[in-house]
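S.K.: Structure in structure tokens, see below.
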Amino acid sequence: MASKAVTDRQKSARAVTAAAHTHANEVATHVAELLSPHLRPDEEMPDVSLFLRLVGRLIATENEALVRADAAHERELADDAAPRKARDEAVEKVRRILVDLRAAVETTCGMAGLPRLHLLEAVPTDPSVLATIGRSVLDALRDESVRLPAPRRRGLSLDREAFAEELELELPPLEKALAAVAREAREAEATLRQKRAAMEANDRAFSRGAAVLSSTFALAGLEDLAGRLKPSVRQPGETNEFELAATRAETGADG
């Protein structure tokens, strides 16, 4: 779904483009009547009608580019759901293993055993940190030189290999999911940059083009139409008419 900022700009671009196309000949006729008396013998009246239509096409072209860039960004954002879901599911599995391992080490060996397996601090919730800690814990579990304190009770024991096997099974999916999420984030950043560039180009073409059209319509004596085409000062890429309509709606809502 297109963002409101884009749909608002699209409405204004359509209105201005339609006005340029519909009234180009009428405006050109009035401008010719106004200016033709001032032509010198070697001069000809420029094609004002074509000029107005070209300005309208410029506005339409830049707005269409913005709409496409916005759609591409929305599609990219929609692709993020599956990788994030896979990451969150993997996080839950790895974190559960580490939480249980930490509890088992503390119960069996006491607090002294926790730092030897890099579990002195609480198990993190941040996915990237969790993956890093998980690898450190797995390496420590598999490192025979890392010895844990003797069990506090004869009936207590810790199966290091079983925990290591679980981590070895669940860490790769987490690391793969993190890589996928990071890739999607980079792609989303790229489409967002393209959207912002397209919006800047749209707003630049609209503000200049709509101002030219509004001024030319006013020169032709079509003051009412000129007012509708005037670009907004507060809302880039929109006409003054849409700004006033929004203001009236807000005022009515407040009342």
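The values are calculated or read from the model by the stated rules, or taken from the named source; none is laboratory data. Please read all numbers here as calculations on a predicted model, not as lab measurements. Don't worry about glycine lacking a Cβ; one is built from the backbone with ideal geometry, like all the others, and counts go over all protein chains shown. Areas reflect the complete protein model, heavy atoms only, side chains present, ligands, DNA and RNA absent. Shrake-Rupley method; radii C 1.70, N 1.55, O 1.52, S 1.80 Å.
S.K.: Indicate the helices, whole DSSP H runs only, in the chain that combine a mean Kyte-Doolittle hydropathy of 0.0 or more with a Cα extent along their long axis of 30 angstrom or more.
M.R.: 48-78
S.K.: Under a crude label model (7 Å from the Cα following the beta-carbon direction), how far is R84 from A71 in nanometres?
M.R.: About 2.4 nm separates the two model spin labels.
S.K.: Pick the calculated semi-axes √(5λ) of the Cα gyration tensor in Å for this structure from (i) 42, 21, 16; (ii) 71, 18, 12; (iii) 26, 20, 18?
M.R.: Structure-derived value, by its label: (ii).
S.K.: Full extension from A5 to R116: what is 0.36 nm times the residue separation minus their Cα-Cα distance, to one decimal in nm?
M.R.: Gain on stretching A5 to R116: 34.5 nm.
S.K.: With a probe of 1.4 Å, find how much accessible area the chain has per residue, and write the answer as a whole number in Å².
M.R.: The answer is 59 Å² per residue.
S.K.: Something else now. Using mean Cβ contacts within 10 Å as the protection proxy, how do 94-103, 36-45 order, highest first?
M.R.: Ranking, from highest mean packing down: 94-103, 36-45.
S.K.: Next up: Considering only the other residues whose Cβ falls under 13 Å of the Cβ of G110, what net charge follows from Lys and Arg at +1 and Asp and Glu at -1?
M.R.: Numbers: positive: R102, R116, R152, R153; negative: E106.
For residues surrounding G110, the net value is +3.
S.K.: What distance in nm lies between label points placed 7 Å from Cα along the C-beta direction at A18 and D42?
M.R.: Output for this residue pair reads 4.6 nm.
S.K.: Which percent of the accessible heavy-atom area of segment 47-90 goes to carbon and sulfur, probe 1.4 angstrom?
M.R.: 57
S.K.: Show me the ranking of peptides 214-226, 58-70 by mean Cβ neighbours inside 10 Å, starting with the highest.
M.R.: On the way: 214-226: 17.4, 58-70: 20.2.
Order by mean packing, descending: 58-70, 214-226.
S.K.: As an exercise, identify the trypsin sites (Lys or Arg not before Pro) in segment 128-167 lying in DSSP coil whose Cβ has no more than 10 other Cβ atoms within 10 Å.
M.R.: Listed in order of number, the matching sites are R147, R153, R154.
S.K.: Let me ask another. For the chain: lysine pairs with Cα atoms under 21 Å, gap of 8 or more or different chains, count?
M.R.: So the count of such lysine pairs works out to 7.
S.K.: First compute the accessible area of segment 108-189 with a 1.4 Å probe, then give the percent of it belonging to carbon and sulfur atoms.
M.R.: Numbers: 2560 of 4920 Å².
That fraction is 52 percent.
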